[in-house]
Amino acid sequence: MTLTAEDGRPDRRSARGSRPSPTDTVCVSDAISDLVPNSGSDSVPQPAGKQPPMAQRIDVSNLNVYYGSFKAVEDVGMHIEPKSVTAFIGPSGCGKSTFLRTLNRMHEVIPGGRVEGKVELGGRDLYGKDVDPVAVRRYVGMVFQRPNPFPTMSIFDNVAAGLRLGGMKNKKQLEEAAERSLKGANLWEEVKDRLSKPGAGLSGGQQQRLCIARAIAVQPQVLLMDEPCSALDPISTLAIEDLIEELKASYTIVIVTHNMQQAARVSDRTAFFNLAAVGKPGRLIEMDTTEKIFSNPTEKATEDYISGRFG
Ligand code: ADP
């Protein structure tokens with residue numbers, strides 16, 4: 001495969017054809033052992049064509065999350081299924097984003113940020129003392145609220161950045177991986193003729209898909225999305241929602257959203273977080289299938305929230 005146009009026509013089906021397939025996934029234990037430095041596995045991201053790692057389940061137990069002495073999230077336990085979309089909803093300040101960032105150890109880069117409890121990815125303790133947080137972030141990718149392509153880099157270099165950081169130098173491998181990732185993010189047809197142009201020159205929706213391409217280039221097992229559509233117009237939002245639906249065939253996806261219609265549209269399971277009062281920690285109130293949460297939640301607080309009585 002090359003970086004040149006195949007036939008010049010937009011074709012989402014052919015674009016999807018080269019997305020990493022869930023059935024291609026065979027090297028889970030290798031991937032997980034990469035979390036430990038010097039474990040003997042190759043820590044360089046896998047070249048295009050090699051089997052991607054498998055979407056993994058996430059198991060969280062007794063998780064408390066702090067900013068210094070402030071406990072922002074209290075006693076969360078949940079199971080997140082692979083190859084599914086899980087939405088986190090709840091009023092502002094209840095800890096959704098904070099909790100999300102504990103799933104790839106990004107919380108601890110904030111001064112004073114620390115966690116207690118356990119987060120397991122495919123049965124492996126992400127906070128184990130021998131686990132390398134940088135490797136965790138490779139396997140658990142993240143997409144942020146505002147599209148944040150590297151402003152001085154071209155479209156191609158944006159997608160290749162993570163692979164280069166991981167040590168991939170071979171031009172052909174980088175080109176193949178970039179093409180595969182851009183196709184995976186449904187952006188290839190729109191950018192294949194201007195890969196050397198700045199990523200910052202794309203529209204907001206395209207930039208967000210570029211960020212998704214950048215995240216999937218290193219073939220993560222989980223994709224975390226923190227309000228990925230909140231800065232986008234309705235058409236771009238629908239494009240990202242379509243993409244999320246497609247990506248779940250290969251990835252475990254967790255999305256924070258303030259938009260309840262979006263949670264209802266894109267997710268298989270929904271977790272409702274709430275806080276008793278300002279200054280108190282956020283807690284997981286209820287987690288169930290999205291259908292149940294939006295039609296017949298068990299907890300009154302969930303019902304009050306989804307029916308717009310607060311938040
Ligand atoms: P949500 O995503 O549900 O809106 P957040 O996770 O952003 O909630 O915030 C949860 C709590 O943590 C809030 O009280 C917020 O003020 C606090 N918080 C968030 N980020 C920081 C930070 N960097 N330092 C200190 N407190 C923070």
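Observations, loosely collected:
- Hits in the range 70-87 - residues which are buried (at least 21 other Cβ atoms within 10 Å of the Cβ), under 16 Å from residue 59 (Cβ atoms) and within 16 Å of the ligand (Cβ to nearest atom): 76, 86
- When residue 222 is tested against the conditions (1) at pLDDT below 95; (2) among the aliphatic types (A, V, I, L, M); (3) touching a Ser or Thr at 6+ places or on another chain (Cβ under 6 Å), the lone failure is (1).
- Inter-residue pairs, beta-carbon under 6 Å, first of a type in the set (Gly, Ala, Ser) and in the range 235-246, second surrounded by 19 or more Cβ atoms within 10 Å (Cβ to Cβ) and in a helix (DSSP H, G or I), 6+ apart: 236/205; 239/205
- Neighbours by Cβ (under 7 Å, 6+ apart or cross-chain): first from the range 263-280, in contact (Cβ under 8 Å) with a residue 60 or more places away in the chain; second in a helix (DSSP H, G or I) and of a type in the set (A, V, I, L, M, F, W, C): 266/244; 270/263; 270/293; 272/293; 274/301
- Any hit, the range 182-189, residues being without any contact (Cβ under 8 Å) to a residue 24 or more places away in the chain and farther than 29 Å from residue 88 by Cβ: no
- Test: residue 209 is of a type outside the set (Phe, Trp, Tyr), without any contact (Cβ under 8 Å) to a residue 40 or more places away in the chain and crowded, with 23+ Cβ neighbours inside 10 Å: yes
- Residues of the range 39-79 that are farther than 22 Å from residue 129 by Cβ, of a type outside the set (Val, Ile, Thr) and at pLDDT below 55: 42, 45, 46, 47, 48, 49, 50, 51, 52.
- Residue 147 meets all of the listed conditions (1) assigned to a helix (DSSP H, G or I); (2) out of contact with any strand residue (DSSP E or B) (no Cβ under 7 Å at 6 or more places or on another chain) but one, namely (1).
- Selection from the range 240-250 of residues that are in a helix (DSSP H, G or I) and of a type outside the set (A, V, I, L, M): 241, 242, 245, 246
- Within the range 216-239, being assigned to a helix (DSSP H, G or I) and surrounded by fewer than 24 Cβ atoms within 10 Å (Cβ to Cβ) holds for 234, 235, 236, 237, 238, 239.
- Restricting the range 265-306 to residues that are at pLDDT 95 or above and assigned to a loop (DSSP other than H, G, I, E, B) leaves a set whose member that is surrounded by the most Cβ atoms within 10 Å (Cβ to Cβ) is 267.
- Looking only at the range 104-130, and only at residues there that are crowded, with 17+ Cβ neighbours inside 10 Å and among the aliphatic types (A, V, I, L, M), the one that is nearest to the ligand (Cβ to nearest atom): 106
- Taking the criterion of being in a loop (DSSP other than H, G, I, E, B) and hydroxyl-bearing (Ser, Thr, Tyr), no residue of the range 95-107 qualifies.
- Residue 92 passes every criterion in (1) polar (S, T, N, Q); (2) more than 9 Å from the ligand (Cβ to nearest atom); (3) part of a loop (DSSP other than H, G, I, E, B) apart from (2).
- Test for residue 311: is it part of a loop (DSSP other than H, G, I, E, B), in contact with a helix residue (DSSP H, G or I) (Cβ under 8 Å, 6 or more places away or on another chain) and modelled with pLDDT under 95: yes
- Positions within the range 88-103 being buried (at least 24 other Cβ atoms within 10 Å of the Cβ) and over 13 Å from residue 273 (Cα atoms), in sequence order: 102
The values are calculated or read from the model by the stated rules, or taken from the named source; none is laboratory data. Worth saying up front: this structure is predicted, and the values here are computed from it rather than measured. Neighbour counts are summed over all protein chains in view; Cβ atoms, including those assigned to glycine, are modelled from backbone coordinates with ideal geometry.
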